[in-house]
Amino acid sequence: MKAIVLAGGFATRLRPLSCTRPKALFPVVNKPLLEWTFERLEKHNIRDVIMAVNHQTEIAVKEQKIPTHTLRVMYSRDPPRKPLGTGGPIKKAEKLIGHDSSFLVLNGDIFADVNYTRLLETHRKTRATATIALCKVDDPSRFGVAELAKDNCIRRFFEKPSPEEAPSKLINAGVYAFHPEIFEYMPENRAVSTEREVFPKLAKEKKLYGYIHSDLWMDIGKPEEYLEINRILLNRTKGTQNQQASRGSQVREPVAIGKAAVIGKRSVIGPNTVLGHDTVVGDDVRIQDSVVFDGAEIDDSTRIQGAIIGGHVKIGKRVSIPKACILGDYVKIRDDVSLAEGVTVCPAKEISESVATARNICC
């Protein structure tokens, strides 16, 4: 059994963090999103995984050295400067996939506890060309939306309809089972939108089915969604602690603290906080409702709430970083700087003065 992981997107809504890493490598409770995916695939006896990537993502994934265990990982690379959409990378990987059996396709930027085994069983029973995992959301307008018949055959499929046009609240969860016949619906050597070109055609031919998924699912395409999936998993797992804590510091669950993290005196970490591996936190620091990536250094008397701090960031003394702030990798914040809510700072930028209004700082 084979699976394709679509991981060639650019994650523009997660900039500046995505300027230096693909979304599939964003840490979720101190573990790359892709590692969560690999573990789930292995659990369901998938053995061959094809990473559909661009050149930069391929390099980043290989450098990360994510444990693959029993998985055999191969790469299918998009051509330079020629994005292939959502369907083109699947078509390009046709030779690697073969035509012997159905296969899974996963969007690499979602967190979903989909039961791949049941999805494939449903797919085979209906003899569908494509089966889409569907989940229910309050606002379906950001996603592809399916209208189901009683037998779970999809009557119609709409990509990002307006709230008035949406026929249901069942949205495309970004996990699919495909029969090799799907390749006949995908032209070669051009960008193909599976959602706009392939699925509507299959629905008309009654070859498109839905599989209802009711467990955890989340798109992490926005910063607030990224913080939310970390919060949900922290509450599910009760976090982990590997820190060296000084006397008088407090850890308020749920919290996940990475290996070799150091926490100074009188500091309070949590709740709903992730500290990455090798982070260093000074004395009298407060961090709450935030995610701090690996290697960050946070000096004395700093306050961080509801923010995302990139890798190897250095934050000085008495700094204030409030809700919705995002610091890219290698940012440096000088002592006594206060940021306004919603400030984002591009990688390697140095901030030496307070910022009074929400804006993106790149130059």
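Within the stretch 161-195, the set of residues being modelled with pLDDT under 85 and either under 30 Å from PRO79 (Cβ atoms) or part of a strand (DSSP E or B) (or both) comprises ASN189 only. For VAL345, state whether it is on the phi < 0 side of the Ramachandran plot and in contact (Cβ under 8 Å) with a residue 40 or more places away in the chain. Yes, satisfied.
The residue that is nearest to VAL198 (Cα to Cα), among those in the stretch 57-77 that are assigned to a loop (DSSP other than H, G, I, E, B) and in contact with a strand residue (DSSP E or B) (Cβ under 7 Å, 6 or more places away or on another chain), is LEU71.
Limited to the stretch 1-56, what total is found for residues that are in a helix (DSSP H, G or I) and among the aromatic types (Phe, Trp, Tyr)? First the steps, then the outcome.
As a first pass, look at the stretch 1-56 and keep what is in a helix (DSSP H, G or I): 12-14, 17-19, 23-25, 33-43, 55-56.
Subsequent filtering for residues that are among the aromatic types (Phe, Trp, Tyr) retains 36, 38.
Count: 2.
The number of residues in the stretch 261-312 being at negative phi and of a type in the set (D, E, K, R) comes to 8.
Condition first: touching a Lys or Arg at 6+ places or on another chain (Cβ under 6 Å) and either under 23 Å from ASP294 (Cβ atoms) or outside the structural domain of ARG13 (by TED's automatic domain parsing) (or both). Can you find one or more residues in the stretch 353-360 that meet it?
First pass over the stretch 353-360, keeping only residues touching a Lys or Arg at 6+ places or on another chain (Cβ under 6 Å): none.
No: the stretch 353-360 contains no residue that is touching a Lys or Arg at 6+ places or on another chain (Cβ under 6 Å) and either under 23 Å from ASP294 (Cβ atoms) or outside the structural domain of ARG13 (by TED's automatic domain parsing) (or both).
Per the listing PHE26, PHE10, the residue uniquely modelled with pLDDT under 85, closer than 25 Å to VAL313 by Cβ and out of contact with any Gly (no Cβ under 9 Å at 6 or more places or on another chain) is PHE10. Taken together, the residues in the stretch 18-47 that are farther than 19 Å from GLU58 by Cβ and either aliphatic (A, V, I, L, M) or without any contact (Cβ under 8 Å) to a residue 60 or more places away in the chain (or both) amount to 8. Of LEU33, LEU84, all but one fail to be of a type outside the set (Ser, Thr, Tyr) and touching a helix residue (DSSP H, G or I) at 6+ places or on another chain (Cβ under 6 Å); the exception is LEU33.
Summed over the stretch 281-313, the residues that are assigned to a loop (DSSP other than H, G, I, E, B) and either within 20 Å of the chain's Cα centre (by Cα) or within 17 Å of ASN30 (Cβ to Cβ) (or both) give a count of 12. Residues of the stretch 276-332 that are touching an Asp or Glu at 6+ places or on another chain (Cβ under 6 Å) and hydroxyl-bearing (Ser, Thr, Tyr): SER301 alone. Among the residues of the stretch 80-102, those that are over 23 Å from ARG13 (Cβ atoms), out of contact with any Leu (no Cβ under 9 Å at 6 or more places or on another chain) and either among the charged types (D, E, K, R) or at pLDDT 90 or above (or both) comprise ALA93, GLU94, LYS95, LEU96, ILE97, GLY98, HIS99, ASP100, SER101.
Can you pull out every residue in the stretch 201-231 that is part of a helix (DSSP H, G or I), surrounded by fewer than 17 Cβ atoms within 10 Å (Cβ to Cβ) and over 11 Å from the mean Cα position of the chain (by Cα)? Full working, then the answer.
Filtering the stretch 201-231 down to residues part of a helix (DSSP H, G or I) leaves 201-204, 223-231.
Narrowing further to those that are surrounded by fewer than 17 Cβ atoms within 10 Å (Cβ to Cβ): 201, 204, 224-225, 228.
LYS201, LYS204, GLU224, GLU228 - these are the residues of the stretch 201-231 that are part of a helix (DSSP H, G or I), surrounded by fewer than 17 Cβ atoms within 10 Å (Cβ to Cβ) and over 11 Å from the mean Cα position of the chain (by Cα).
One residue stands out in the stretch 145-155 among those that are of a type outside the set (D, E, K, R) and surrounded by fewer than 23 Cβ atoms within 10 Å (Cβ to Cβ): the one that is farthest from the chain's Cα centre (by Cα), namely ALA149.
Name the residue that is nearest to the chain's Cα centre (by Cα), counting only residues in the stretch 106-144 that are in a helix (DSSP H, G or I) and among the aliphatic types (A, V, I, L, M). Give the derivation first.
The first filter runs over the stretch 106-144 and keeps only residues in a helix (DSSP H, G or I), leaving 116-126, 140-142.
Next, from what is left, pick out any that are among the aliphatic types (A, V, I, L, M): 119-120.
Numbers: LEU119: 21, LEU120: 23 Å.
Here the residue is LEU119.
Name every residue in the stretch 259-298 that is of a type in the set (Gly, Ala, Ser) and under 17 Å from LEU234 (Cβ atoms), in order of residue number.
From the stretch 259-298, those of a type in the set (Gly, Ala, Ser) are 260-261, 264, 267, 270, 276, 282, 290, 295-296; that's our starting set.
Those that are of a type in the set (Gly, Ala, Ser) and under 17 Å from LEU234 (Cβ atoms): ALA261, GLY270, GLY276, SER290.
The values are calculated or read from the model by the stated rules, or taken from the named source; none is laboratory data. Remember, it's a predicted structure, so these values are computed and weren't measured experimentally. Every residue, glycine as well, gets a Cβ built from its backbone with ideal geometry; the counts of neighbours run over all protein chains shown.
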